[in-house]
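Comments concern the structure below.
The values are calculated or read from the model by the stated rules, or taken from the named source; none is laboratory data. Quantities reported herein were computed from a predicted structural model and do not represent experimental measurements. FYI the Cβ positions are ideal-geometry reconstructions off the backbone, even for glycines, and counts take in every protein chain you see. Quick note on the areas: whole protein, heavy atoms, side chains included, nothing else; ligands and nucleic acids left out. Shrake-Rupley method; radii C 1.70, N 1.55, O 1.52, S 1.80 Å.
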Amino acid sequence: MEVTAGVGGQEAMLFTSEIFDMYQRYAAYKKWKFEVLEYFPSELGGLRHAVASIAGVEAYKYMKFEGGVHRVQRVPKTEKQGRIHTSTMTVAILPQPTEMRLQISPKDLRIETKRASGAGGQHVNTTDSAVRIVHIPTGIVAECQQERSQIRNKEKAMQMLCAKLYNAKLEEETKKRNYARKIQIGTKGRSEKIRTYNFPQDRITDHRISRSVHHVESFMLGEEMLDEMIQTLREYADYESLMEIISENDKNNSS
């Protein structure tokens with residue numbers, strides 16, 4: 001999972017931090033393993049960008065519905081006039097390449113090491129522990145500096161690179177199929193506004209299924225309310241797939 005602050009400056013970064021925490025709590029609620037691979041905080045306690053690995057039973061089948069643009073409407077802490085601001089952040093969900101074998105040749109990789117940067121106390125900048133791996137044919141890059149050990153950072157960067165390459169391959173496959181679905185999860189997801197968190201009205205709206213629920217704070221605890229929303233999205237996506245198969249069969253039968 002990759003989260004990135006969007007439009008809205010510091011407020012967008014604060015919201016990104018809250019969403020990231022929500023998914024960390026959701027992973028605990030689902031008894032999944034949540035491991036932070038990259039974390040770039042902002043000055044005021046917000047989050048610019050972060051990457052986490054989530055592993056567990058059906059983790060991708062649930063989390064794939066969270067990919068897209070999340071929008072927040074509220075009065076920021078920094079706002080003096082009490083005006084409501086709209087900010088955004090983006091979630092990208094990349095499946096880990098377990099089922100599909102990825103052939104990566106070592107000669108296609110350029111591995112660079114550098115000093116870790118950012119907060120981390122006395123151990124930062126003392127060794128070349130940060131690792132950056134470039135996949136030369138595609139230009140896809142993955143880096144990790146969370147661990148003190150260069151070997152662990154290399155393992156994690158490699159894991160991220162595999163996920164990114166797998167996702168690129170998956171997007172290519174999906175484009176070929178080009179299903180005209182309303183919920184095209186994980187493909188056009190990066191630019192599509194999927195959910196609005198409206199604090200003044202204490203309401204969350206998922207735009208894909210036009211469903212609204214109240215109690216934003218409870219929802220952002222990442223427990224039952226988020227789980228119910230994802231379950232509804234799963235059911236809707238299953239229904240759409242079924243309708244698609246039926247209409248395909250009808251077409252084939254009539255021709």
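The table below lists the values:
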read-out: The listed residue being open to solvent by less than 10 Å² (accessible area, probe 1.4 Å) and either farther than 13 Å from Met63 by Cα or assigned to a loop (DSSP other than H, G, I, E, B) (or both), out of Ala52, Ala27, Ala12; value: Ala12
read-out: Selected residue [of a type in the set (Val, Ile, Thr), farther than 18 Å from Glu38 by Cα, at pLDDT 85 or above and open to solvent by 50 Å² or more (accessible area, probe 1.4 Å)] from Thr126, Thr138, Thr113, Thr98; value: Thr138
read-out: Single residue of the range 55-64 satisfying the filter (assigned to a loop (DSSP other than H, G, I, E, B) and touching a Phe, Trp or Tyr at 6+ places or on another chain (Cβ under 8 Å)) that is nearest to Leu14 (Cα to Cα); value: Gly56
read-out: Qualifying residue in the range 76-88 (condition: under 29 Å from Lys169 (Cα atoms), in contact (Cβ under 8 Å) with a residue 12 or more places away in the chain and open to solvent by less than 40 Å² (accessible area, probe 1.4 Å)); value: yes
read-out: Residue list for the range 222-242, restricted to those being hydrophobic (A, V, I, L, M, F, W, C) and open to solvent by 80 Å² or more (accessible area, probe 1.4 Å); value: Leu242
read-out: Matching residues, the range 59-91, being among the polar types (S, T, N, Q) and more than 21 Å from Ser212 (Cβ to Cβ); value: Thr78, Gln81, Thr90
read-out: Residue ID - least open to solvent (accessible area, probe 1.4 Å), chosen from residues in the range 207-218 that are at pLDDT below 95 and not basic (Lys, Arg); value: Ile209
read-out: Hits in the range 101-110 (condition: over 26 Å from the mean Cα position of the chain (by Cα) and either modelled with pLDDT under 85 or surrounded by fewer than 11 Cβ atoms within 10 Å (Cβ to Cβ) (or both)); value: Ser105, Pro106, Lys107
read-out: Residue match in the range 219-233 (condition: at pLDDT 90 or above, touching a strand residue (DSSP E or B) at 6+ places or on another chain (Cβ under 6 Å) and not in a helix (DSSP H, G or I)); value: no
read-out: Residue in the range 37-45 that is part of a loop (DSSP other than H, G, I, E, B) and among the acidic types (Asp, Glu) present; value: yes
read-out: Options Lys154, Lys188, Lys164: the member that is modelled with pLDDT of 80 or more, basic (Lys, Arg) and closer than 19 Å to Met63 by Cβ; value: Lys164
read-out: Where Ser247 falls short, out of the listed (1) small (Gly, Ala, Ser); (2) part of a helix (DSSP H, G or I); (3) within 23 Å of Asn198 (Cα to Cα); value: (3)
read-out: Condition met for Ala119 (modelled with pLDDT under 65 and in contact with an Asp or Glu (Cβ under 9 Å, 6 or more places away or on another chain)); value: no
